[in-house]
Amino acid sequence: MDNRPIGIMDSGIGGLTVARVLHEKYPKESMVFLGDSLRNPYGERSREEIGRFAEEIKSFLLSKDVKMILIACNTISFNVPPSFTERPVPVVKMSLHITLPEGTKKAGIFATPASIKTHAHKKTLEKRFPEVEWIEVPCEGVAAAIEQGKDENFISALVQKAAKEYHALGIDTGYWACTHYPLVPDAFGKVFPGIPFIDPALPTVETGMAILEKEGRLAEEKGKDEFYFTAGVDHAAPLVHRLFGSVPVEKIKLVGE
Ligand code: DGL
């Protein structure tokens, strides 16, 4: 048994889509969430910057005595060096263990430019589902627009532009390979009416919880949840409160900012 919180990191509010799954499925677990909203979007930054910023977030979460870290960000997950996931505590990347609707033939991987550059999603999914045609769609500006609370039509136009440019308008399944995107399902739904989208939040949380269970470190009693952001919380706080109730949401400064 281990009642210490689970650390969750992202470049902003996107990681809340992973945090909400943890909250719903494992109500005894507590969390410390940090979204580096000041330096968002990570998906349009260099690998070196992403790695450096991620180390700063990790140090912050470790200073909060977390028992595990979930990287609730694809861009961080697939751009950090292997050493990033070495202990002191288990560090879990976004899962690629998704399931697809039966009969999927042509699927779109919607992600940030920095994630697409690694081809991590495509390489793994092509091996697991060789019968499916996988189309990579770097969605420039989409995570930033969501972070800034831009309206659905604005976001939808960006998705439409990316989908057209990368020949993804005829897909039968979509994969949200950026944790910001499941916050705006309707913006994607406008471009792809009736098309199912996969959200890897659940397999990601389950991967982490399986580790804790194996180590006998599931929580038995819920403590407090804490949410931190590095920019103003005017947009983030109402969303956090809607998803998690009246928990503290604070603006903090990271060392390297
Ligand atoms: N939410 C992040 C992801 O899953 C990245 C958003 C960004 O900062 O570009 O990739």
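Taking into account only those residues within region 110-136 that are in a loop (DSSP other than H, G, I, E, B) and more than 16 Å from the ligand (Cβ to nearest atom), which is least open to solvent (accessible area, probe 1.4 Å)? Steps first, please.
At the first step, the residues of region 110-136 found to be in a loop (DSSP other than H, G, I, E, B) are 112, 119, 129-132.
With the extra rule that they be more than 16 Å from the ligand (Cβ to nearest atom), the set shrinks to 129-132.
Working: Phe129: 29, Pro130: 99, Glu131: 127, Val132: 11 Å².
If we take residues in region 110-136 being in a loop (DSSP other than H, G, I, E, B) and more than 16 Å from the ligand (Cβ to nearest atom), then Val132 is least open to solvent (accessible area, probe 1.4 Å).
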Selection from region 155-174 of residues that are open to solvent by less than 50 Å² (accessible area, probe 1.4 Å), out of contact with any Lys or Arg (no Cβ under 7 Å at 6 or more places or on another chain) and over 30 Å from Leu34 (Cβ atoms): Ala163, Ala168, Thr173
Assess whether Ala107 counts as being closer than 13 Å to Ala163 by Cβ and crowded, with 22+ Cβ neighbours inside 10 Å. yes
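Look through region 217-252, keep the residues that are among the charged types (D, E, K, R) and part of a loop (DSSP other than H, G, I, E, B), and return whichever of them is surrounded by the most Cβ atoms within 10 Å (Cβ to Cβ).
Checked region 217-252; the qualifying residue surrounded by the most Cβ atoms within 10 Å (Cβ to Cβ) is Asp225.
Kindly evaluate Ala177 against the criterion of being in contact (Cβ under 8 Å) with a residue 12 or more places away in the chain, surrounded by fewer than 21 Cβ atoms within 10 Å (Cβ to Cβ) and within 19 Å of Ile50 (Cα to Cα). Before the answer, list the steps.
Details: in contact (Cβ under 8 Å) with a residue 12 or more places away in the chain: yes; surrounded by fewer than 21 Cβ atoms within 10 Å (Cβ to Cβ): no; within 19 Å of Ile50 (Cα to Cα): yes.
Here the answer is no, as Ala177 does not meet what is asked.
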If I filter region 183-208 down to residues being under 23 Å from Thr118 (Cα atoms) and open to solvent by 10 Å² or more (accessible area, probe 1.4 Å), which single residue comes out as nearest to the ligand (Cβ to nearest atom)? Asp199
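The values are calculated or read from the model by the stated rules, or taken from the named source; none is laboratory data. Just so it is clear, the structure is predicted and the values come from calculations on it, not from any experiment. As a convention, Cβ positions derive from the backbone with ideal geometry for all residues, glycine included, and neighbour counts pool all protein chains shown. Quick note on the areas: whole protein, heavy atoms, side chains included, nothing else; ligands and nucleic acids left out. Shrake-Rupley method; radii C 1.70, N 1.55, O 1.52, S 1.80 Å.
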